[in-house]
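A short worksheet on the structure shown next.
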Amino acid sequence: MAGGAASGGSARTDTYREARHWLLLPSWVVLIFLILIPVLMMLVYSFLTKEFRGGVIWEFSLDAYDQFFFNRGLFGDEPPSIEWTYITIFWRSIWQAGAATILSLVIGFPTAYFIATRPEKVRPMWVFLITIPYWVNLLIRTVSMKFVLRDQGPLNDFLLWTGLIDSPLHIVNTNFAVQLGLFYSYLPFMVLPIYASVERYNFALSEAASDLYAGKWVTLRRILLPAVKPGVIAGCILVFVPSLGSFLAPDLLGGAKNFMIGSLIEEQFKGNAGNWPFGAAASMILLSMVLIILIVFARQQARAEKGGA
Amino acid sequence: MKHLTQFTAAAAMALALGAQAAQAEGKVVVYHWFEYMPAELLEKFTEETGIEVVMDTFDSNEALLASLKAGAIGTYDVAVPGDYMVKIMAGEGMLDTIADGELANKGNIQEEWADPSFDPGRQHSIPYQWGSTSFMVNRDVYQGDINTTDILFNPPAELSGKINMLDSQGEVIAMASLHMGIPQCSTDREQLKALNAMLQEAKQHWASFNSDTAKEVLVSGDAAVGQIYDGFGAKARQEGANVEYAFPKEGYVVWMDNVVLLKDAPNRDNALKFMDFLLEPENIAAVTNYARYSSGVVGTKEFLDPELSTQPESNPPAEAGKGAFIEVCDEETQKVYDQIWTNLKK
């Protein structure tokens, strides 16, 4: 998106000019059949009547959204009040995903900066090293992480050995374990876009700033950060959005004691509840939230670019 | 998570026998639990009949139902639902009827399993394995009496915060109902409110909800108490954990998994051959030896691992409470139980 503005000045000579209408065809097919149609189906399903034990009856109904926002008591016959259950679940997921994003940013940014400032020849090697753990299946990585963090695991053994702690730290089955799991699952999605931005950054600008008596902190804040902001935002979105809907880390590391958005939706389709319209409605609400976040980001960025120019 | 393991071990065998033969006899498509059937047994079936076995797996009765509802009917020939799910699937019209005389080995079914409440007259199903769901306690951590559901819902201080529950509404709520001595599909408001409150209170003692790793958390010592199936528990004990299976005086859950003939089975004849094969004492005994549960077929004794007859997980003591099947509630009642489960996990 950002690249378009930079290179759009001169029309490029296009070798495949004749074929250009067809170039996007595969993407359109994927987009329509695998994203657009399923999302539209979800939208339709969320307004249908639930069938007992899964499935839908083709009658319009707002029950799913009603269930999400209104509490009618255990037996469904009390006067409606605001339903906090699902808002709490959504809030918990947002909070967890946010914490994981910040953790990724704090660790990912210096890493990306480090890699981008290595000699050009060794940079691919560093990027390669970052991606190696991600060749292993996500499930296996999450389970391994649990083994490391357990009360009798190597981390606690080490800390006990050093004498820093007297009794094992309980990390597994806590929110912190979930954040660690999410952070570790999606770290490369933070590092890679930031790396790409920092690599394109013109370091002469930093030198110029310091020639003009800007301190290191001011240079970072006022020169480097604004320049690499698109990469930082892309990284944050790429970590935040999948974290929001994930259920592997919450289930395995968090002990599944509390629903997250992902497990709540899963329960509606695969669990006892079998309430497809409600699962679809929860998905639509999640989707709308993600869209709103993306739109806010996009507008801010557009405004910043306009302001910069 | 959906485990989609295309089982092609049988294919290798078919090659050895000559792919032509296998081709001619076709295949049977099985929808099964994961890790529930030894690969050698599938090879044996292919060897005897020339029929190739294609297998997909699921990880809960509800997941099986959801997948069939979402349009997988007509893909599979047989599936292996638990007792209450047989009843639900029959009610949904997902099962085909096995006519008299279609199964040569139907007479091998033990009398007590020949006419179960979930499938009267065995019209759609044959027994696969049965067992119980209770819980295990780590004896290094706790030495007192474990044969009470208080261990799960009102535990002694040593066990509080070290309990893993199955992540399954049916198993947790059935056990909680036994604990309180109320019927499983209660419509009594006071009982339901009390059940809701009891679970909220009990939750503070629980470390996690996990079904997939129910065995591992006991073996590793991450949990000192874990709700578990008997055969899975026997495996945990064999893997070296000092754990004991409880038979609570308040009662425990019993279940039976059954092979059902699905509606619109594309290979109906082969499905019946597969079912007949699993009614042979020697074959079903091989499943029992592998899964450590019990079969519902006569004449398996000589083929069984002798250790199974003394396995503590399959032999309740005299003072144990009664085993109870999970019951199927009607829609209105189920709605309240769904709400209680959501309250528990919100």
> Just one of A:F240, A:F247 is under 30 Å from B:T213 (Cβ atoms), without any contact (Cβ under 8 Å) to a residue 24 or more places away in the chain and of a type in the set (F, W, Y); which is it?
Replying inline: A:F247
> Quick check: anything in the stretch A:153-167 in a loop (DSSP other than H, G, I, E, B) and within 30 Å of A:L244 (Cβ to Cβ)?
Replying inline: yes
> Is there a residue being within 12 Å of chain A (Cβ to nearest Cβ), outside any loop (DSSP other than H, G, I, E, B), of a type outside the set (F, W, Y) and surrounded by fewer than 15 Cβ atoms within 10 Å (Cβ to Cβ) anywhere in the stretch B:179-190?
Replying inline: yes
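If only one of B:L261, B:L195, B:L199 is at negative phi, at pLDDT 95 or above and assigned by TED's automatic domain parsing to the domain that holds B:A104, which one is it? Write out each step before concluding.
Details: B:L195 fails: assigned by TED's automatic domain parsing to the domain that holds B:A104; B:L199 fails: assigned by TED's automatic domain parsing to the domain that holds B:A104.
Of B:L261, B:L195, B:L199, the one residue that is at negative phi, at pLDDT 95 or above and assigned by TED's automatic domain parsing to the domain that holds B:A104 is B:L261.
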> Considering only the stretch B:58-80, how many residues are in contact (Cβ under 8 Å) with a residue 60 or more places away in the chain and either β-branched (V, I, T) or in contact with a Leu (Cβ under 9 Å, 6 or more places away or on another chain) (or both)?
Replying inline: 9
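So, in the stretch A:157-185, exactly how many residues are within 22 Å of A:I107 (Cα to Cα) and over 19 Å from the mean Cα position of the chain (by Cα)? Explain how you work it out, then say what you get.
Going residue by residue through the stretch A:157-185, those that are within 22 Å of A:I107 (Cα to Cα) are A:159, A:171-172, A:174-185.
Keeping just the survivors that are over 19 Å from the mean Cα position of the chain (by Cα) gives A:159, A:171-172, A:174.
Matching residues across the stretch A:157-185 total 4.
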>> Tell me yes or no: at least one residue of the stretch A:137-147 is away from chain B (no Cβ under 14 Å) and of a type outside the set (D, E, K, R).
In response: no
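Per-residue answers, yes or no, for (1) out of contact with any Asp or Glu (no Cβ under 7 Å at 6 or more places or on another chain); (2) within 24 Å of A:M145 (Cβ to Cβ); (3) away from every other protein chain (no Cβ under 11 Å); (4) surrounded by fewer than 21 Cβ atoms within 10 Å (Cβ to Cβ):
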position: A:L224; (1), (2), (3), (4): yes, no, yes, yes
position: A:K229; (1), (2), (3), (4): yes, no, yes, yes
position: A:V232; (1), (2), (3), (4): yes, no, yes, yes
position: A:L238; (1), (2), (3), (4): yes, yes, yes, yes
position: A:L244; (1), (2), (3), (4): yes, yes, yes, no
position: A:F247; (1), (2), (3), (4): no, yes, no, yes
position: A:L253; (1), (2), (3), (4): yes, yes, no, no
position: A:E266; (1), (2), (3), (4): yes, yes, no, yes
>> I need the full set of residues from the stretch B:58-87 which are under 15 Å from B:A265 (Cα atoms) and either touching a His at 6+ places or on another chain (Cβ under 9 Å) or crowded, with 23+ Cβ neighbours inside 10 Å (or both), in order please.
In response: B:L68, B:Y76, B:D77, B:V78, B:A79, B:V80
>> Of everything in the stretch A:42-94, what is without any contact (Cβ under 8 Å) to a residue 40 or more places away in the chain, more than 10 Å from every other protein chain (Cβ to nearest Cβ) and under 26 Å from B:M85 (Cα atoms)? Give them in sequence order.
In response: A:I57, A:W58
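Within the stretch B:272-299, work out how many residues are of a type in the set (A, V, I, L, M, F, W, C) and not in a helix (DSSP H, G or I).
Residues of the stretch B:272-299 that are of a type in the set (A, V, I, L, M, F, W, C), as a first pass: B:272, B:274-275, B:277-279, B:284-287, B:291, B:297-298.
When the remaining residues are screened for being not in a helix (DSSP H, G or I), the result is B:279, B:297-298.
So the answer is 3.
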> Taking A:F70 and the conditions (1) within 23 Å of A:N175 (Cβ to Cβ); (2) touching a strand residue (DSSP E or B) at 6+ places or on another chain (Cβ under 8 Å), which numbered condition does it fall short on, given that it satisfies the others?
Replying inline: (1)
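Just to be sure, is B:D269 of a type in the set (D, E), farther than 21 Å from B:I146 by Cα, within 14 Å of another protein chain (Cβ to nearest Cβ) and assigned to a helix (DSSP H, G or I)? Give the derivation first.
Numbers: of a type in the set (D, E): yes; farther than 21 Å from B:I146 by Cα: yes; within 14 Å of another protein chain (Cβ to nearest Cβ): no; assigned to a helix (DSSP H, G or I): yes.
No; evaluated as a whole, the condition is false for this residue.
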>> Go through (1) within 30 Å of B:K203 (Cα to Cα); (2) surrounded by fewer than 21 Cβ atoms within 10 Å (Cβ to Cβ); (3) among the aromatic types (F, W, Y) for B:Y290 and report which single condition fails.
In response: (1)
> Limited to the stretch A:179-209, what total is found for residues that are exposed (fewer than 14 other Cβ atoms within 10 Å of the Cβ) and either touching a strand residue (DSSP E or B) at 6+ places or on another chain (Cβ under 8 Å) or among the small types (G, A, S) (or both)?
Replying inline: 2
>> Criterion first (away from chain A (no Cβ under 14 Å), of a type in the set (D, E), buried (at least 20 other Cβ atoms within 10 Å of the Cβ) and farther than 30 Å from A:G153 by Cβ) does B:D264 satisfy it?
In response: no
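So in the stretch B:290-307, with the set limited to residues that are touching a residue at least 40 places away in the same chain (Cβ under 8 Å) and over 13 Å from the mean Cα position of the chain (by Cα), which one is farthest from B:Q129 (Cα to Cα)? Break it down stepwise before answering.
Taking the stretch B:290-307 as the starting set, the residues that turn out to be touching a residue at least 40 places away in the same chain (Cβ under 8 Å) are B:290-299.
Pick out the ones that are also over 13 Å from the mean Cα position of the chain (by Cα) and you get B:290, B:296-299.
Details: B:Y290: 11, B:G296: 7, B:V297: 9, B:V298: 13, B:G299: 15 Å.
The qualifying residue farthest from B:Q129 (Cα to Cα) is B:G299.
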> Quick one: would you say B:Y337 is part of a helix (DSSP H, G or I), in contact (Cβ under 8 Å) with a residue 60 or more places away in the chain, closer than 25 Å to B:V30 by Cα and not hydrophobic (A, V, I, L, M, F, W, C)?
Replying inline: no
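For the stretch B:40-55, which residues satisfy the criterion of being outside any helix (DSSP H, G or I) and in contact with a Lys or Arg (Cβ under 8 Å, 6 or more places away or on another chain)? If you could, list the steps in order and put the result at the bottom.
First pass over the stretch B:40-55, keeping only residues outside any helix (DSSP H, G or I): B:50-55.
Listed by number, the residues that qualify are B:I51, B:E52, B:V53, B:V54.
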> Quick one: is A:S243 within 29 Å of A:Y113 (Cβ to Cβ) and of a type in the set (S, T, Y)?
Replying inline: yes
> Which members of the stretch B:56-106 meet the condition of being small (G, A, S), outside any helix (DSSP H, G or I) and touching a strand residue (DSSP E or B) at 6+ places or on another chain (Cβ under 7 Å)?
Replying inline: B:A79, B:G82
> Could we say that B:G240 is in contact (Cβ under 8 Å) with a residue 24 or more places away in the chain, small (G, A, S) and surrounded by fewer than 16 Cβ atoms within 10 Å (Cβ to Cβ) here?
Replying inline: no
>> For the stretch A:276-302, which positions are buried (at least 20 other Cβ atoms within 10 Å of the Cβ) and aromatic (F, W, Y)?
In response: A:W276, A:F278
> Among the residues of the stretch B:324-341, is there at least one that is farther than 24 Å from B:L262 by Cβ, exposed (fewer than 15 other Cβ atoms within 10 Å of the Cβ), more than 14 Å from chain A (Cβ to nearest Cβ) and over 21 Å from the mean Cα position of the chain (by Cα)?
Replying inline: no
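May I ask you to say which residue of B:G226, B:G170, B:G233 is of a type outside the set (A, V, I, L, M, F, W, C), at the interface with chain A (Cβ under 10 Å from one of its Cβ atoms) and either more than 30 Å from B:N289 (Cα to Cα) or outside any loop (DSSP other than H, G, I, E, B) (or both)?
Numbers: B:G226 fails: at the interface with chain A (Cβ under 10 Å from one of its Cβ atoms); B:G233 fails: at the interface with chain A (Cβ under 10 Å from one of its Cβ atoms).
One residue alone meets the criteria, B:G170.
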>> Quick check on my filter: what residues within the stretch A:40-75 are over 16 Å from A:N275 (Cα atoms) and loosely packed, with under 14 Cβ neighbours inside 10 Å?
In response: A:L40, A:F70, A:G73
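The values are calculated or read from the model by the stated rules, or taken from the named source; none is laboratory data. Given the structure is predicted, the values throughout are model-derived calculations rather than measurements. So basically every Cβ, Gly included, is an ideal-geometry build from the backbone, and we count neighbours across all protein chains shown.
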